[in-house]
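Colleague: I have a structure here, written as structure tokens, and I will follow up with some questions on it.
The values are calculated or read from the model by the stated rules, or taken from the named source; none is laboratory data. If you're wondering where the values come from, they're calculated on a predicted model, not measured in any experiment. Counting neighbours? That spans all protein chains shown, and the Cβs are built from the backbone with ideal geometry, glycine included.
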Amino acid sequence: MIKGLFQRIGGLGGRRLDDDLLDELEEGLILSDVSVSTASGLIADLREGARRGQIATDEAARDFLKKRVIEHLGAQTAALHFNPNGVTVWLFIGVNGVGKTTSIGKMAHRLKDEGHTPLLAAGDTFRAAATEQLQEWGRRAGVPVVTGQQGADPAAVVFDALCAARARGCDIVLVDTAGRLHNKSNLMNELAKIARVIERETGRAPDETLLVIDATTGQNGLAQARAFSESAPLSGLILTKWDGTAKGGIILTVARETGVPVKLLGVGEKADEICDFDAKEWTETMFS
Ligand SMILES: Nc1nc2c(ncn2[C@@H]2O[C@H](COP(=O)(O)OP(=O)(O)OP(=O)(O)O)[C@@H](O)[C@H]2O)c(=O)[nH]1
Ligand SMILES: [Mg+2]
């Protein structure tokens with residue numbers, strides 16, 4: 001990501017904002033997986049500011065970029081939604097291996113610590129061992145997990161989970177789903193079916209449909225976001241593996257082009273390594 005963009009170009013030495021510096025900044029943004037169109041838009045704005053004499057140095061360029069990026073990401077933090085009148089349902093979706101199950105496990109811990117009574121739905125009936133992985137997270141968090149047979153209809157597992165949540169008085173259901181290719185229509189239809197079951201059973205759409213994106217994914221993240229938003233209206237993004245990369249600029253492009261807010265940041269494999277996304281803090285890190 002743009003983590004340390006200004007470090008990358010040799011720090012803030014009071015350099016004059018000339019064409020060379022503009023080129024280096026644009027290249028730095030693109031190397032950080034900000035899309036070419038987002039990067040050139042930002043640089044064009046900088047160039048215009050420089051032409052008008054408003055931005056003359058690297059420090060001023062940094063302050064300008066920070067302001068613009070925070071605007072792109074949405075200045076106020078978008079809070080996670082809860083259902084005030086019944087069971088809350090959050091659906092976690094995304095391609096293979098991005099960190100859906102891990103993010104659910106982490107949130108199970110956090111929600112429980114906050115006094116909620118979560119229940120996990122093992123909607124990934126496709127991958128061998130997916131259910132066991134979720135059960136292990138549930139066991140460690142002390143949270144019940146509703147499972148189905150391998151190959152069972154995920155929508156049926158979600159149905160069972162909603163019934164179990166009502167019976168046990170759980171206030172939030174976190175639904176795991178199988179990783180899928182964003183260009184496989186049958187799998188994408190399955191997501192729509194899960195959402196329909198939730199709507200039928202609770203009388204409302206999922207309170208959150210969270211698309212999980214791996215920070216190391218690169219430009220493919222945008223294609224994923226576009227494809228998934230066609231099968232289910234997205235309410236938030238989770239950026240995972242933020243700890244392990246110098247990239248992650250893709251989230252800026254995805255948030256800007258889809259208008260979906262980033263809600264959570266995964267910063268490791270452990271239970272407590274997830275935090276609310278803070279646009280200001282994230283931007284500070286990017287432009288250090
Ligand atoms: N470093 C780091 N690793 C993570 C993070 N989130 C998930 N992982 C790791 O990424 C790998 C895949 O995570 P899963 O949660 O199994 O991913 P998934 O999306 O459920 O994968 P499928 O079920 O196969 O689609 C695991 O090894 C996790 O420990 C994170 O924020 N940081
Ligand atoms: Mg999984």
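Colleague: Which residues, taken from the stretch 44-57, are surrounded by fewer than 20 Cβ atoms within 10 Å (Cβ to Cβ) and either among the polar types (S, T, N, Q) or not in a loop (DSSP other than H, G, I, E, B) (or both)?
Modeller: Ala44, Asp45, Arg47, Glu48, Gly49, Arg51, Gln54, Thr57
Colleague: Looking only at the stretch 62-104, which residues are under 15 Å from Leu234 (Cβ atoms) and within 14 Å of ligand 1 (Cβ to nearest atom)?
Modeller: Selection gives Leu91, Phe92, Ile93, Gly94, Val95, Val98, Lys100, Ser103.
Colleague: Output the number of residues of the stretch 18-32 satisfying the condition of being farther than 17 Å from Ser288 by Cα and not in a helix (DSSP H, G or I).
Modeller: Of the residues in the stretch 18-32, 1 are farther than 17 Å from Ser288 by Cα and not in a helix (DSSP H, G or I).
Colleague: Quick check on this structure: which one of Arg110, Arg139 is farther than 23 Å from Val262 by Cα and among the charged types (D, E, K, R)?
Modeller: From the options Arg110, Arg139, the qualifying one is Arg139.
Colleague: While we're looking at this one, here's another question. From (1) under 25 Å from Lys280 (Cα atoms); (2) within 16 Å of ligand 2 (Cβ to nearest atom), pick out the condition that doesn't hold for Arg127.
Modeller: That leaves (1) as the condition not met.
Colleague: Just wondering, is there one or more residues in the stretch 179-198 that are free of Cβ contacts under 8 Å to residues at least 12 places away in the same chain, of a type in the set (A, V, I, L, M, F, W, C) and within 15 Å of ligand 1 (Cβ to nearest atom)?
Modeller: Within the stretch 179-198, one or more residues are free of Cβ contacts under 8 Å to residues at least 12 places away in the same chain, of a type in the set (A, V, I, L, M, F, W, C) and within 15 Å of ligand 1 (Cβ to nearest atom).
Colleague: A further question on this structure: Can you confirm whether Thr101 is under 23 Å from Ala215 (Cβ atoms) and polar (S, T, N, Q)?
Modeller: In short, yes.
Colleague: Would you pick out the residues in the stretch 161-183 that are under 20 Å from Gly221 (Cα atoms) and more than 16 Å from ligand 2 (Cβ to nearest atom)?
Modeller: Asn183
Colleague: Count, please, the residues in the stretch 15-42 that happen to be aliphatic (A, V, I, L, M) and surrounded by fewer than 19 Cβ atoms within 10 Å (Cβ to Cβ).
Modeller: 5
Colleague: Let me ask something additional. Applying the selection to the stretch 105-134, what residues are in a helix (DSSP H, G or I), closer than 16 Å to Pro154 by Cα and more than 10 Å from ligand 1 (Cβ to nearest atom)?
Modeller: Thr131, Glu132
Colleague: Only one of Gly203, Gly179 is at positive phi and not acidic (Asp, Glu); which?
Modeller: Testing whether each residue is at positive phi and not acidic (Asp, Glu) leaves just Gly203.
Colleague: Could you list all residues from the stretch 88-104 that are within 12 Å of ligand 2 (Cβ to nearest atom), outside any helix (DSSP H, G or I) and touching an Asp or Glu at 6+ places or on another chain (Cβ under 9 Å)?
Modeller: Those that are within 12 Å of ligand 2 (Cβ to nearest atom), outside any helix (DSSP H, G or I) and touching an Asp or Glu at 6+ places or on another chain (Cβ under 9 Å): Phe92, Gly94, Val95, Gly97, Val98, Gly99.
Colleague: To continue, here is another question. Which of the following residues is within 21 Å of Leu31 (Cα to Cα), touching a residue at least 40 places away in the same chain (Cβ under 8 Å) and under 11 Å from the mean Cα position of the chain (by Cα): Lys247, Lys241?
Modeller: Lys241
Colleague: Further, regarding this structure: In the same structural domain as Cys163 (by TED's automatic domain parsing), small (Gly, Ala, Ser), away from ligand 1 (no atom under 12 Å from the Cβ) and touching a Gly at 6+ places or on another chain (Cβ under 8 Å): is that true of Ala141 in this structure?
Modeller: Spelling it out, Ala141 is indeed in the same structural domain as Cys163 (by TED's automatic domain parsing), small (Gly, Ala, Ser), away from ligand 1 (no atom under 12 Å from the Cβ) and touching a Gly at 6+ places or on another chain (Cβ under 8 Å).
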